[in-house]
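First up is the structure itself, then whatever we jot down about it.
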Amino acid sequence: MLFKRIITSLILAPLIIAGILYLPEIYFALIWGLVILVAAWEWSNLAGLQKTLHRCLFIFGLALSQLFMFSWIDILEVLARVAGEWADFRESADTLDWLVVVAVVWWAVVAFAMKRNSDKLLESKASTTARLFMGWFILLMAWHFLIRLRHVWEPSLALYLILLVSFADIAAYFVGRKFGKTKLAPNISPGKTVAGMYGAMAIALALTLIVGISFEFDIVVLIDFIILSQVTVMFSVYGDLFESLAKRHRGVKDSGRLIPGHGGVLDRIDGHLSAIPVFYLGIKLIILQIL
């Protein structure tokens, strides 16, 4: 299993890095959107949908939502150009950015509930409709705000976020296996340990320092970036746990079998789903502080 994971990662990593850095925005949005739709197909199963038609309708609804959000930004861009205010497009396009606050509050509530009442969460089961709505919202927000992060700020920031969560996940796995004794949420995900989370935060700190020193960040910005990276990694852990909870309720080990050694697409991006809105909001606050 570990060998398959390593081989798959070595194949996918260069493609992901190249896509984030070099793909035109429309193609990046399309490919990332397709990844999200595959994850949505897997989520529909975890939510309890069994009929293919119903699962396709869920995918179709999410795709329409993606199209609306992307078209809304395009409409604002055209209006800004017509009005001769292209320089203010970044501000005008922020009309949907308030949704990131909703997404971050949602994940904060999930993290708090996971930490305080994981046993109760395992016992209680939401309706299929509620689980579908949660999946729709989580996936749509992750799709939208990764695109926004790449478009408004820098592709390099989007790449940093993906690498941050990926390296943290790898560190959590190996540190947890070696030193993990105290379980983070044993009834939900026995493999997650407190030591593993500390390992994830440690590798995140190292990566942040490397990036900050390489780009000669101001000390205040570096401190803000370190705090944001640590918070982002912590939220990514609870994003992973949230998907594990959904799999527990459904009685399955993996969300799918599409990626050798990793399970499904949702298994691979679960930590990113919670990390993306948190990181995006943090970057906005840091930039506003600088300005």
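Looking at region 46-56, which of its residues are in contact (Cβ under 8 Å) with a residue 24 or more places away in the chain and surrounded by fewer than 20 Cβ atoms within 10 Å (Cβ to Cβ)? Let's see the steps before the verdict.
First pass over region 46-56, keeping only residues in contact (Cβ under 8 Å) with a residue 24 or more places away in the chain: 46-49.
Once the filter is applied, which keeps residues that are in contact (Cβ under 8 Å) with a residue 24 or more places away in the chain and surrounded by fewer than 20 Cβ atoms within 10 Å (Cβ to Cβ), region 46-56 yields G48, L49.
Restricting region 254-280 to residues that are of a type in the set (D, E, K, R) and at pLDDT 85 or above, the residue that is surrounded by the most Cβ atoms within 10 Å (Cβ to Cβ) is D270.
Return yes when S274 is in contact (Cβ under 8 Å) with a residue 12 or more places away in the chain, outside any helix (DSSP H, G or I), within 26 Å of A47 (Cα to Cα) and hydroxyl-bearing (S, T, Y) and no when it is not. Judged against the criteria, S274 is not a match.
Here L161 meets the list (1) touching a residue at least 40 places away in the same chain (Cβ under 8 Å); (2) over 28 Å from G251 (Cβ atoms); (3) touching a Gly at 6+ places or on another chain (Cβ under 7 Å) almost entirely, failing just condition (3). Among the helices (runs of 4 or more DSSP H) confined to region 43-143, the ones with at least 2 residues that are aromatic (F, W, Y) and at pLDDT below 90 are located at 52-82.
Set side by side, the residues T193, T182 differ, and just one is β-branched (V, I, T) and surrounded by 22 or more Cβ atoms within 10 Å (Cβ to Cβ), which is T193. Take S229 and decide whether it is hydroxyl-bearing (S, T, Y), buried (at least 22 other Cβ atoms within 10 Å of the Cβ) and more than 14 Å from I138 (Cα to Cα). So S229 fits the description; yes.
Name the residues in region 37-62 that are within 20 Å of S244 (Cα to Cα) and charged (D, E, K, R), would you?
First pass over region 37-62, keeping only residues within 20 Å of S244 (Cα to Cα): 37-50.
Hit for region 37-62 is E42, nothing else.
Number of residues in region 247-287 that are closer than 17 Å to V110 by Cα and over 16 Å from the mean Cα position of the chain (by Cα) equals 3. Criterion first (at pLDDT 95 or above and either surrounded by 17 or more Cβ atoms within 10 Å (Cβ to Cβ) or of a type in the set (S, T, N, Q) (or both)) does L149 satisfy it? No: the conditions fail for L149.
The values are calculated or read from the model by the stated rules, or taken from the named source; none is laboratory data. Note that the structure is predicted; figures quoted are calculated from it, not measured. In this analysis, Cβ positions are derived from the backbone assuming ideal geometry, glycine residues included, and neighbour counts consider all displayed protein chains.
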